[in-house]
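The next block holds one structure in the form of structure tokens; read it before the comments.
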Amino acid sequence: MKLCSGLMQQQSVPGQTDVHPSPTESQARMHRHGSMIFLGQIFVLGSVPVFDMGQDKTPLLFIIFSLTVSITTVWSLGYQRVTFMLAGLSLIACLWVLLFRDEAAKGILTVPLLMFLVVKLFCAYLCIRQAFKGGVAGAQRIYCGAASFIMIGIIFAGMHGLLHGYGFGQYRLPLEFEGVRNIRWVDFIWFSYATLTTAGYSDLVPVGSFSLTVSTFEGLCGILLPATLIARIASLPANA
């Protein structure tokens, strides 16, 4: 009797359409989300020359744009409630910076800048979680892993900038540039990805224990994240 009732419940009712997408449609939608997530992060990196006016500190507009793309990524991954929370924290941090941007004390902007980094880090974590999550299509997994890799580079660039700006770590330009120009915020983005990809061009040299430690952790992330992601993909069935 239970089997018969179960079969009757599975039968479609005349005049009622099935609202659930087919597996093919669901996979296609996730594939589009993954490609858009990756292209969004590429767009963030490509926009750096637009915001660069030779500033020493990272422009607030670039921070807002980068966080907007990352928070939209969280929304597309299906974390709607978390999206509102991250957007609220980002809004509070932006208002904080705007209200106290003329303050002479550096320490008053430490909290909002840390909030920006925490929001960005949490977005990268959710993207990495999606890349390693079970039941995710291979293309979606690769796109999310690549997008999280780009986000990690921006996060470490912000950390390097904070260490240099607040005196916890020092960074030096090559000898031919010393005395010619100051270190700019784009230098930290370049240095971050040179370290994350283990290219190591030595265009910017970290000096001091804090800056060297952060650079070491970034180099480890650049090796471990791709290696573990490739191992995860290789361990999945061919049709996953």
Here are some conditions: (1) surrounded by 11 or more Cβ atoms within 10 Å (Cβ to Cβ); (2) modelled with pLDDT of 85 or more. M53 meets all but one. Which one does it not meet? (1)
If the Cβ limit is 9 Å and pairs must be 6+ apart or interchain, which residue in the range 62-80 that is closer than 19 Å to G145 by Cβ pairs with which residue that is of a type in the set (D, E, K, R) and surrounded by fewer than 16 Cβ atoms within 10 Å (Cβ to Cβ)? L77/R129
Residue hits (the range 159-173; part of a strand (DSSP E or B) and touching a helix residue (DSSP H, G or I) at 6+ places or on another chain (Cβ under 7 Å)) are Q170, Y171
Please go through the range 119-131 and give me each residue that is over 20 Å from T197 (Cβ atoms) and either among the aliphatic types (A, V, I, L, M) or crowded, with 16+ Cβ neighbours inside 10 Å (or both), ordered by number. V119, F122, C123, L126, Q130
Looking at (1) over 25 Å from L39 (Cα atoms); (2) touching a His at 6+ places or on another chain (Cβ under 7 Å), find the lone condition where A139 falls short. (1)
Which residue pairs have Cβ atoms closer than 7 Å, lie 6 or more positions apart in sequence or on different chains, and pair a first residue in the range 131-148 that is free of Cβ contacts under 8 Å to residues at least 60 places away in the same chain with a second residue that is not aromatic (F, W, Y)? none
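For the range 202-232, which residues satisfy the criterion of being assigned to a helix (DSSP H, G or I) and either among the hydroxyl-bearing types (S, T, Y) or within 11 Å of G169 (Cα to Cα) (or both)? Talk me through it step by step, then tell me what you get.
Kept after step one, since they are assigned to a helix (DSSP H, G or I), are these residues of the range 202-232: 209-232.
Result: S209, F210, S211, L212, T213, V214, S215, T216, T228.
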Identify, from the list S215, S235, S209, the residue that is out of contact with any strand residue (DSSP E or B) (no Cβ under 9 Å at 6 or more places or on another chain) and within 22 Å of G158 (Cα to Cα). S209
Only residues that are of a type outside the set (A, V, I, L, M, F, W, C) and either modelled with pLDDT of 90 or more or not in a helix (DSSP H, G or I) (or both): list them for the range 81-107, please. R81, T83, G88, S90, R101, D102, E103
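The values are calculated or read from the model by the stated rules, or taken from the named source; none is laboratory data. Given the structure is predicted, the values throughout are model-derived calculations rather than measurements. Heads up, the Cβs are rebuilt from the backbone with ideal geometry, glycines too, and the neighbour counts pull from every protein chain shown.
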